[in-house]
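Everything on this sheet refers to the single structure shown next.
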Amino acid sequence: MGVVTRAQAKRMRSGGPDLISLLPDEILGSIISLLPTEQGARTQILSSRWRPLWRSAPLNLEPYGLASSIDEDVVSRILTEHRGVARRFKAPPHILDGDPATLDRWLHSPALNNLQELRLYFPPFVLPMLPIPQSAMRFMSTLRIAHFSCCQFAVDAACRLHFPSLHFLSLFSISISDDCLRTVLAACPALDKFDLEYCFYISPKPTIPASTLRFSSTLRVARFGQCQFPDAAALKVHFPNLQHLELRMVTISERSLHAMLSSCPALNSLMLTGNFGFRKFVINSLKLKRVGMYFGRSNTEIELEELIVVNAPCLEILHQRGPFEGNMRISIVSAPKLKILGRLTDNISKLELGTTVFEGPRAIRVATTMRSVKVLALRLHSLSLHLAINFMKCFPCLEKLYIKTHIATENMRLHNSLGRNECLDFHLKKLRIKHYLGKGSHLAFAKFFVLNASVLESLVLVVGPEMEESDWWIENQRRQLQLEKRASIACEIKFSSDDHSSYHRDIQEQDPFE
């Protein structure tokens, strides 16, 4: 990097050249390559110093969105005029709209020599599916990342595949034969991340070949979707270093699911989304840190009825979300590091937390305390102060409580034996109530926390837009909540129609596929 002299700095303070323009071309080119394509191209208008930089900077060609001003002609011109090395080429559906000749011409452009990342997103719902052009295979020796979406993946039998540097392969909503899939995977010795999701509107769901489940020790992240896992395939799984596994819209038996997970000794993150075929799921893992489960209601498929955490010494996040009417049984025997738990509902037929037992919304026995839990999410038909207090007794160190509710009854049974409550007195800092109606049980519930939560910092009441815009309604609510008597003088009360909950930020982590 160049050194800025005192004279140069003085000229800059007096309106001379800016600091960034004094950087070497290589650094400025790297900065430009990090910008979206359109913004990178616009740097040419900054000054004569910047004008030649974009044409020689590393090329990241990504036409963004349907409203992008980059069309087929612009892409062709960029590929003709650009002189820099090629890093990334992304062609979304509005570019690849049924014109294979144009795509083939682009892929043969010398500007894309030594391409490292190729993303081809073909138009969805197009039948027959468009094939991946054979010209895409010319980047085999240099590609590190490859995404192919909504297309038919087939390769010329005469083409000898070998992707020595490919570490991430994504085949999303795709049609591919078993033989072709085996050939492609065998050609990727360094594969680190693999995303395979078959086309969702193909019926019946394809059966995943056993060969795709026996990877080398390089694979760390994997996602499989829109397919069936036969027992014969799942029982032969071997992922010795897999750390993140996601199954999406997969049909798999209970036996196969547990056998598959036991063959992933390094697994620390598991996502199950819309899967069927098993009624019981048992977590018995020494390394799992995060488990997310999202499932729906089906009239034909076998669905989850029971979740049991037997032994999970590293588990920190357990998030499950099912249909509102779901009545699943949940038992947590041992999870000493559990920090985030949700979303529990008042429809759960039975909830066991150690020796604490809830049957639906009714606490049968509150004996075990789980002091590690800091974040709790509840989904309730109607607010119950009695239930909330019992949960706070079970999780005495709870700091954040998120509640989604619907019904506002006119009367709420107050808790007659509150006494001292460690959670209310020392720990609870954030409370968020979604679908707050400002009357009956909703008003009484919120008021209780205003008057009793000693360290509460934030109370967010998510209301309808018409309520948020009514100054009279909000002022009336503040008066009825008796804010002048609040237990925590630092507590901020906010009425919002913003539906986004920070609970989602609590449970989310960076997408391992990005």
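Things to note:
- Note on exposure: GLU81, GLU484, GLU197 ranked by accessible area (1.4 Å probe, complete protein assembly) read GLU484, GLU81, GLU197, with the most exposed listed first.
- Neighbour net charge for ALA312 - beta-carbon separation under 11 angstrom, K R +1, D E -1: +3
- A simple packing score, the average count of other Cβ atoms within 10 Å per residue, orders the peptides 203-211, 471-479 as 203-211, 471-479, with the highest score first.
- Over 19 Å [Cα-Cα, segment 68-225], rounded percent: 54 percent
- Distance from the alpha carbon centroid of segment 210-270 to that of segment 153-186 works out to 19 angstrom.
- Taking only the C-alpha atoms of segment 334-490, Rg followed by Dmax gives 15.4, 50 Å.
- For segment 135-193, trypsin sites (Lys or Arg not before Pro) meeting the loop criterion (DSSP other than H, G, I, E, B) and having at most 10 other Cβ atoms within 10 Å: none.
- Segment 208-313: GluC sites (Glu not before Pro) in DSSP loop, at most 15 other beta carbons within 10 Å: GLU301, GLU305
- Note on segment 167-223: Cα-Cα pairs beyond 17 Å make up 34% of the total pair count.
- Estimated FRET transfer efficiency when R0 is 35 angstrom, pair PHE125-LEU235 (beta carbons, to 0.05): 0.45
- Summed side-chain charge close to PHE358 - residues other than PHE358 whose Cβ falls under 12 Å, Lys, Arg +1, Asp, Glu -1: +2
- Kirkwood hydrodynamic radius over Cα pairs of segment 71-129, then Stokes diffusion coefficient at 4 °C and 1.567 mPa s, in µm²/s: 107 µm²/s
- Within segment 170-253, chymotrypsin sites (Phe, Trp or Tyr not before Pro) in DSSP loop having at most 15 other beta-carbon neighbours inside 10 Å: PHE200, TYR201
- Gain upon complete extension [THR218, HIS406; 0.36 nm per residue less C-alpha separation]: 62.9 nm
- Of all DSSP beta bridges confined to segment 213-320, the antiparallel ones make up roughly 0%.
- ILE27-SER372 FRET efficiency (beta carbon distance; Förster radius 41 Å; 0.05 resolution): 0.35
- On the beta carbon distance between THR207 and ASP499, with R0 = 60 Å, the FRET formula returns roughly 0.95.
- Distance between segment 478-503 and segment 309-363 - C-alpha centres, whole angstrom: 28 Å
The values are calculated or read from the model by the stated rules, or taken from the named source; none is laboratory data. Everything numeric here is computed off the predicted structure, so don't read it as measured data. Because the Cβ atoms are built from the backbone with ideal geometry, glycine has one as well, and the counts that use them run over all protein chains shown. Only protein heavy atoms, including side chains, enter the accessible area calculation; ligands, DNA and RNA are left aside. Shrake-Rupley method; radii C 1.70, N 1.55, O 1.52, S 1.80 Å.
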